[in-house]
1. For Arg288, Arg205, Arg229, give the ranking by accessible area with the largest first, probe 1.4 Å.
2. Just how much of Phe215 is accessible, in Å², when a 1.4 Å probe is used and the result is rounded to the nearest 10?
3. Considering only Gly200, Phe161, Trp262, whose Cα is most displaced toward the positive end of the charge dipole of the range 142-273, charges sitting on Cβ of Lys, Arg (+1) and Asp, Glu (-1)?
4. For the range 73-157, what mean projected area does the convex hull of the alpha carbons give, in nm²?
5. Please give the contour-minus-distance gain from Phe125 to Asp237: 0.36 nm per residue of separation, less the Cα-Cα distance, rounded to one decimal in nm.
6. Of the accessible area of the range 245-284, with the probe set at 1.4 angstrom, what percent is carbon plus sulfur?
7. Using 0.36 nm per residue, how much length does the chain from Asn116 to Leu174 gain when fully extended, once their Cα-Cα distance is taken away?
8. Report Rg (one decimal) and Dmax (nearest whole number) for the range 88-244, counting Cα atoms only, units Å.
Amino acid sequence: MKPKKASARKQDYGGIMSGLGSDSWWKKTLYLTGGALLAAAAYLLHELLAIRKEQEMDSKDAIILHQFSRPKSGVPSLSPFCLKMETYLRMVDLPYQNYFDGKLSPQGKMPWIEYNKEQVSGTEFIIDFLEEKLGVNLNKSLSPQEKAVSRAVTKMVEEHFYWTIAYCQWVDNLEETQKMLAVSGPLSDLLKWILSHLTGGIVKREMYGHGIGRFSKEEVYALMEKDMRTLATLLGDKKYIMGPKLSTVDATVFGHLSQAMWTLPGTRPEQLIKGELINLAMYCERIRRKFWPEWYVDIDDFYYESWSDSSGTPSQPLELGLYSRTETFDEDVTGNSLSYSRTPDSECTAPSLMDSDLDMEGSDPEALKC
């Protein structure tokens with residue numbers, strides 16, 4: 001009896017297989033699913049190996065800065081807070097090493113640092129920690145009243161202006177921001193779509209909880225414009241926000257205004273910063289050139305469509321432009337030596353925003369000539 005049952009099972013199985021056909025839907029589904037899983041596994045393995053290879057380091061007495069990966073746009077970060085933190089480290093001339101691993105801090109924050117096995121998250125707490133541990137201080141020349149103003153400006157930028165920029169990046173201009181994400185591999189387009197839409201959903205939810213997300217698009221942009229005009233008025237014709245010397249608030253303001261300057265083409269914040277509020281553009285370029293010599297900026301980045309004439313050729317505002325190269329800067333920021341090297345085979349493309357308003361302390365004016 002047992003052989004007959006086995007034979008019957010084989011016949012039933014053969015009949016089922018015959019009914020499904022040799023190219024049945026379930027086989028195709030298995031092939032596609034298996035292929036997608038293999039591709040995803042290969043991509044993740046490649047990324048992990050690349051990260052580990054790039055980030056092999058001795059962590060003793062080293063500041064490890066965890067932040068999001070560099071975007072494709074040329075701006076160092078699409079996160080104002082990551083850009084603020086890395087710019088601050090350059091301003092105080094503290095050596096650091098980047099971890100672009102996307103790993104959030106235990107509090108769920110980004111960026112965060114590790115220093116001799118201590119973990120600190122939140123840019124304000126990180127700066128306090130570095131001041132205490134390593135003795136750096138960009139605010140030592142400020143009076144108590146100036147420190148109060150500096151903190152008030154910082155809170156306006158981080159707790160109010162930030163949300164309007166996040167709305168512009170991740171809600172109103174999501175498709176353009178998605179293109180800037182640095183994701184490679186066989187599933188890069190899908191992963192960028194998923195990542196950008198997840199981030200957009202998080203931003204909308206958090207904006208609603210904050211309260212600013214309950215307003216209309218026009219109202220959000222009106223609030224953004226008020227903040228930008230406030231910063232422009234406060235800056236005036238000064239070199240930095242609080243006067244002729246850098247202070248911590250400059251890292252904050254630069255990290256946020258850079259998003260309007262270089263990541264939001266054709267938007268209202270770009271119109272403002274590259275047009276009516278030109279002193280903010282000059283301020284951003286001043287800090288970019290001083291502390292980010294490897295950050296390439298094309299001269300076309302300073303054009304805005306509304307400045308084009310009838311022939312379609314853009315006109316240059318105020319006869320000012322950007323150098324599309326890096327220069328040599330030597331400045332004593334906190335008692336340490338801060339030096340950047342000039343790229344040898346680059347050429348000057350236009351007069352710089354820096355030429356008329358940047359006091360080049362400690363540098364040779366002849367070295368800046370082409």
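The values are calculated or read from the model by the stated rules, or taken from the named source; none is laboratory data. Since the structure is predicted, the reported quantities are computational estimates derived from the model, not experimental observations. Reconstructed Cβ throughout: ideal geometry from the backbone, glycine too, with neighbour counts over all protein chains shown. We work out accessible area using only protein heavy atoms, side chains counted, and drop any ligands, DNA or RNA first. Shrake-Rupley method; radii C 1.70, N 1.55, O 1.52, S 1.80 Å.
1. Working: Arg288 5, Arg205 155, Arg229 75 Å².
Putting Arg288, Arg205, Arg229 in descending order of accessible area: Arg205, Arg229, Arg288.
2. It works out to around 100 Å².
3. Phe161
4. 6.7 nm²
5. 37.2 nm
6. Of the solvent-accessible surface of the range 245-284, carbon and sulfur hold 50 percent.
7. On the way: separation 58, 0.36 × 58 = 20.88 nm, distance 3.84 nm.
Contour length minus Cα-Cα distance gives 17.0 nm.
8. Radius of gyration, then largest Cα-Cα span, for the range 88-244: 18.5, 55 Å.
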